[in-house]
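A short write-up of the structure that comes next.
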Amino acid sequence: MHIEMWREDLTEQQEERLTDQRLREIASLELTIAELRQELDERPIQVVYENVDKQTLDDAISETNRAFRSRDRVLRDMTTLHLKHFETESGRCGCGKPADGCDERVILDGSRALRAWERRHRHFGPRCDGVAAGAGTRSRGCACGAANAT
């Protein structure tokens, strides 16, 4: 009987030690959690997200596309004029005037924006007559295959 009582006491003491140890661990972890929460609360916000309204973004994209289409229409019309006003091998403009006396040809040949646009859009559909875009002569040809493109 004494041995049984001694074993029960020993088991109770072990359980109390384990309980005390676990309570100390819990207290330590709660202290760590409290410190981390305080650090998180005091931390400055480093990342800021700007919410852009979808309609605002769609409107901006639509306006940008409209502006590009408008620019392309103007440059396409200038290209149509350039197909009429270019210097031929005889030194005359395609319209029949002397090349140096054709103000339209001088202006169109001097437009870097037009030349760049014409390089990107070398085929002009039904109006294409094999005249190279931006070349001003028939030697370069058109991307449609009307003449050899170089």
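Do the conditions hold for Leu40, that is, is it more than 30 Å from Trp117 (Cα to Cα), at pLDDT below 90, assigned to a helix (DSSP H, G or I) and of a type in the set (A, V, I, L, M, F, W, C)? Yes; evaluated as a whole, the condition is true for this residue. With respect to (1) in contact (Cβ under 8 Å) with a residue 40 or more places away in the chain; (2) at positive phi, the lone exception for Thr80 is condition (2). Taking the criterion of being assigned to a loop (DSSP other than H, G, I, E, B), closer than 16 Å to Thr79 by Cα and not hydrophobic (A, V, I, L, M, F, W, C), the residues of segment 89-111 that qualify are Gly94, Gly110, Ser111.
The values are calculated or read from the model by the stated rules, or taken from the named source; none is laboratory data. Just so it is clear, the model here is predicted, and its values are computed rather than measured. Here the Cβ is made from the backbone with ideal geometry for all residues, glycine too, and neighbour counts use every protein chain on show.
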